[in-house]
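Novice: Sharing a structure, written as structure tokens. Questions coming.
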Amino acid sequence: MNKIEHIGIAVKSIEQSNTLFKALLGEAHYKIEEVASEGVKTSFFKSGPNKIELLEATKPDSPIAKFIEKKGEGIHHIAFAVDDIESEIQRLKNEGFTVLNEVPKKGADNKLVAFLHPKTTNGVLIELCQDIPK
Ligand code: ZN
């Protein structure tokens, strides 16, 4: 894995949290993107070389809605950038991790993504992401 690509934070309202994170980071979000297949709306912030992704549920059965119901708002996942997501998935499976998406799916921000089940990663949902070649 190359680096932490972003940290994902589950929020109840992107609109309110955009205001809050703008005040926190001193800079407004640079994009909003809806991933309809996942039932989420996302917004992205930069903090120096780092990125923060806010996630709001767009439907009641969205994974973000379920997360907030169980745990409240807060850090939802940590995403790592990888060069070759398929070989990372294979490597991590061989290491005994439970990969939730054996076939990577299209995520926000022009990425292919796959998640590791938090039960195999000390309770932290891990996202792998690879840029989709343009
Ligand atoms: Zn993410």
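Novice: Please tell me if F21 is in contact with a Phe, Trp or Tyr (Cβ under 7 Å, 6 or more places away or on another chain), modelled with pLDDT of 95 or more and aromatic (F, W, Y). Can you show your working first?
Specialist: Details: in contact with a Phe, Trp or Tyr (Cβ under 7 Å, 6 or more places away or on another chain): yes; modelled with pLDDT of 95 or more: yes; aromatic (F, W, Y): yes.
So F21 passes the test.
Novice: Right, next: Could you please let me know if N94 is touching a residue at least 40 places away in the same chain (Cβ under 8 Å) and among the polar types (S, T, N, Q)? Please lay out each step first, then the result.
Specialist: Details: touching a residue at least 40 places away in the same chain (Cβ under 8 Å): no; among the polar types (S, T, N, Q): yes.
The answer is no for N94.
Novice: Taking the stretch 15-40, which residues are more than 13 Å from the ligand (Cβ to nearest atom), within 18 Å of S62 (Cα to Cα) and in contact with a helix residue (DSSP H, G or I) (Cβ under 8 Å, 6 or more places away or on another chain)?
Specialist: I32, G39
Novice: Every residue in the stretch 67-103 that is closer than 21 Å to N50 by Cα and among the small types (G, A, S), please.
Specialist: G74, A79, A81
Novice: Can I ask one more? Count, please, the residues in the stretch 41-54 that happen to be within 14 Å of the ligand (Cβ to nearest atom) and more than 16 Å from G107 (Cα to Cα). Break it down stepwise before answering.
Specialist: Step one: list which residues in the stretch 41-54 are within 14 Å of the ligand (Cβ to nearest atom), which gives 41-45, 50-54.
Among the residues that remain, those that are also more than 16 Å from G107 (Cα to Cα) are: 45, 50.
The total comes to 2.
Novice: Next question. Go through the residues of the stretch 74-97 one by one and say whether even a single one is more than 17 Å from C129 (Cα to Cα) and either basic (K, R) or under 15 Å from the mean Cα position of the chain (by Cα) (or both).
Specialist: Restricting attention to the stretch 74-97, the residues satisfying the condition of being more than 17 Å from C129 (Cα to Cα) are 74-75, 94-96.
The next check asks that each one be either basic (K, R) or under 15 Å from the mean Cα position of the chain (by Cα) (or both); those that pass are 74-75.
Within the stretch 74-97 (the criterion being more than 17 Å from C129 (Cα to Cα) and either basic (K, R) or under 15 Å from the mean Cα position of the chain (by Cα) (or both)), the answer is yes, since at least one residue qualifies.
The values are calculated or read from the model by the stated rules, or taken from the named source; none is laboratory data. All values derive from a computational prediction rather than experimental measurement. Because the Cβ atoms are built from the backbone with ideal geometry, glycine has one as well, and the counts that use them run over all protein chains shown.
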